[in-house]
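Reading through the structure tokens given below for one structure.
The values are calculated or read from the model by the stated rules, or taken from the named source; none is laboratory data. As the structure is a computational prediction, the values presented were derived from the model and not from experiment. So basically every Cβ, Gly included, is an ideal-geometry build from the backbone, and we count neighbours across all protein chains shown. These accessible areas exclude ligands, DNA and RNA; they are computed on the full protein's heavy atoms, side chains included. Shrake-Rupley method; radii C 1.70, N 1.55, O 1.52, S 1.80 Å.
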Amino acid sequence: MKKLFVVGIGPGGGKGLTREAEAALDAAEVFCGYPVYIGLLRPMWPDTPALTTPMTRELERCHMALESASKGRTTAMVCSGDAGVYGMAGPVLELSPRYPEVEVEVLPGVTAALGGAALLGAPLMNDFAVVSLSDLLTPWETIEKRLRGAALADFSVCLYNPVSRRRAGHLRRACEILLESKSPETVCGWVKKIGREGQEHRLCTLKELSGEPVDMFTTVFVGNSSTRAVGGRMVTPRGYETK
């Protein structure tokens, strides 16, 4: 069977791989992915040939990976974090009926929500929502509805893609929406460059969050009404102490 692995490599590359993902990458004859993600794997796989495309050419990249596998080369489409969380698992599977000879296997990875949460403490111990602030593929009006719903339901909220050069005001607007239902003193935190050189993280409050030095490599965490700062860590109680 001709094989395409869709592999989540974690937020920082090689050291965050699962054993299953590492085995798939060992077996691959060709990698396919965004150049930055391929670069994160080069210390462990310096010689594996790679097919790459720049940002905004994701569907082309998926076709390339499926074509490679259809020619009998075991191929690994690599994605940062988890391939099924804002990654390439969805588009690969949507396109896969055009390549019936290719078996697609999706392998999980550590998404930024989980990698960043571990660095901050335990902000996602209870129910939570993950929302991307990128409106490249999702209308901003829809993003606002999701933020408002998550805040009204008192979820902890993890924000992906908080800002970019084109989306400089999106985090500020998101904070305004969350403040409609959440206290200004809500404990928040952010993690930058998870698992990579230059990694840093910090706690703050919701009223301070929009002024924090957040960039496109940052994942943001907004607590729920019970989230607390405990010894410099962000903790959302699960409820064990009430039993």
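Checked against the criteria, TYR99 does not count as touching a Cys at 6+ places or on another chain (Cβ under 9 Å) and not basic (Lys, Arg). Candidates in the range 67-86 are the residues that are under 15 Å from LEU41 (Cβ atoms) and hydroxyl-bearing (Ser, Thr, Tyr); of these, the one that is most open to solvent (accessible area, probe 1.4 Å) is SER80.
MET64 falls short of the stated requirement of being crowded, with 24+ Cβ neighbours inside 10 Å, closer than 15 Å to PHE31 by Cβ and touching a strand residue (DSSP E or B) at 6+ places or on another chain (Cβ under 6 Å).
Within the range 115-122, is even one residue open to solvent by 30 Å² or more (accessible area, probe 1.4 Å), in contact with a Leu (Cβ under 8 Å, 6 or more places away or on another chain) and within 23 Å of GLY13 (Cβ to Cβ)? No: zero hits. Taking the criterion of being within 19 Å of the chain's Cα centre (by Cα), open to solvent by 60 Å² or more (accessible area, probe 1.4 Å) and touching a residue at least 12 places away in the same chain (Cβ under 8 Å), the residues of the range 137-160 that qualify are ARG146, PHE155.
Tallying residues that are surrounded by fewer than 22 Cβ atoms within 10 Å (Cβ to Cβ) and in contact with an Asp or Glu (Cβ under 7 Å, 6 or more places away or on another chain) within the range 174-191 yields 1. Counting only residues that are out of contact with any helix residue (DSSP H, G or I) (no Cβ under 9 Å at 6 or more places or on another chain) and either within 20 Å of GLN199 (Cα to Cα) or in contact (Cβ under 8 Å) with a residue 60 or more places away in the chain (or both), how many does the range 94-124 have? Qualifying residue count, the range 94-124: 11. Scanning the range 33-57 for residues that are crowded, with 17+ Cβ neighbours inside 10 Å and within 18 Å of the chain's Cα centre (by Cα) gives GLY33, TYR34, TYR37, ILE38, LEU40, LEU41. For the range 192-225, enumerate the residues that are among the small types (Gly, Ala, Ser) and either open to solvent by less than 40 Å² (accessible area, probe 1.4 Å) or touching a helix residue (DSSP H, G or I) at 6+ places or on another chain (Cβ under 8 Å) (or both). Matches in the range 192-225: GLY195, SER210, GLY223.
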